Amino acid sequence: MKIKVYQINDELDANRIRFREYKDVLKEEGKLDPALYRKVYEGDVDCQDLEDVYELLNTNEPIPFQGHSLSVSDIVEVCEPVEGTNIGFYYCDIIGYKPVEEFDASKTEPMRGKRMVIVEPGKPAYEALIPDNLESLQRAVSGYIEITYPFDDNAMIIGNEEAKLIGMKGNRRINGSIYAGPLLIAADDGEGGTTDLTDAQVNQYCQRFAVPETITDDETQSDVGFTLYGFSF
């Protein structure tokens, strides 16, 4: 199920629309103002309907998700039809969702971040935007980060430094080592931060890691780990 999610930017919410019932917003404002919203997610989710989306975004948020747990006043855009749900915009209400007839997504604030490739255990690699700050990177890998440079260009892997110690699933074999847990492939900007991967790099790494690998827990635990490199923000 392909979706996009929009949430209100508190700094722009002068009339306190956030967390209010849809009927009250329409009564007082006439319609939703998309300029108050920021896109916080775009991608494919393993969901069958909007209720599944609500549960996912309150229990197991996807790595590229940049917002808070799905709440009243958030907008979910369904980008392809699924059984029982048409393409369109849906307001997360006190109970269920309300279809939104007029919502110009082009007026919303775009997602923030650097262009990276995400590699998760058991999934094909995919492109996403991840903010270039320590908190966002730690959130993406579920813990303290470590950086390795196993490639021939300026691309680096950002992973969880304790992935194997805390029992994260084996992910990919790279240059003879087993990497565990979620991985971000980012470009080193040469100044201690990240920059956008190029089109060629995105295509290269999405193709290289398109097929998930089967790695047993025993294999993961027996691997000696990585060589660490310094990285600062």
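Some values worked out for this structure:
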| item | result |
| --- | --- |
| Over 23 Å [Cα-Cα, the chain], rounded percent | 53 |
| GNM result for the chain, Cα springs below 10 Å: residue of Ser136, Ser177, Ser106 fluctuating most strongly | Ser106 |
| Packing-based exposure ordering (other Cβ within 10 Å, fewest first) of Thr220, Thr59, Thr198 | Thr59, Thr198, Thr220 |
| Restricting the range 164-207 to trypsin sites (Lys or Arg not before Pro) in coil, as DSSP defines it, with at most 16 other Cβ within 10 Å | Lys169 |
| Estimated distance in nm for a label pair at Asp217 and Ser71, the labels positioned 7 Å out from Cα along Cα-to-Cβ | 3.7 |
| In the range 135-197, chymotrypsin sites (Phe, Trp or Tyr not before Pro) in a DSSP loop with at most 14 other beta-carbon atoms within 10 Å | Tyr144 |
| The range 114-222, dipole about Cα centre (Lys/Arg Cβ +1, Asp/Glu Cβ -1), debye to the nearest 20 | 360 |
| Derived scalar couplings ³J(HN,Hα) [the range 121-127; Karplus, 6.51 cos²θ - 1.76 cosθ + 1.60; whole Hz; x for Gly, Pro] | x, x, 10, x, 5, 8, 8 |
| Computed log₁₀ I(q)/I(0) - Debye formula, equal Cα scatterers, no solvent, the range 105-181, q 0.12 Å⁻¹ | -0.38 |
| Charge dipole (the range 114-222, unit charges on Cβ, about Cα centre) - positive-most of Thr220, Leu197, Ala186 | Thr220 |
| Cβ-placed point charges (K, R +1; D, E -1), dipole of the chain about Cα centre in debye, nearest 20 | 100 |
| In the range 89-155, GluC sites (Glu not before Pro) in a DSSP loop with at most 11 other beta-carbon atoms within 10 Å | Glu101, Glu102 |
| At R0 = 22 Å, FRET efficiency that the Cβ-Cβ distance of Asn203 and Lys123 yields, to 0.05 | 0.80 |
| Filter on Lys31/Lys123; Lys27/Lys114; Lys107/Lys169; Lys4/Lys27; Lys23/Lys123; Lys23/Lys114 - keep pairs with C-alpha separation over 29 Å | Lys31/Lys123; Lys27/Lys114; Lys107/Lys169; Lys23/Lys123; Lys23/Lys114 |
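No lab work stands behind these numbers, since they all come straight from the coordinates. Worth saying up front: this structure is predicted, and the values here are computed from it rather than measured. FYI the Cβ positions are ideal-geometry reconstructions off the backbone, even for glycines, and counts take in every protein chain you see.
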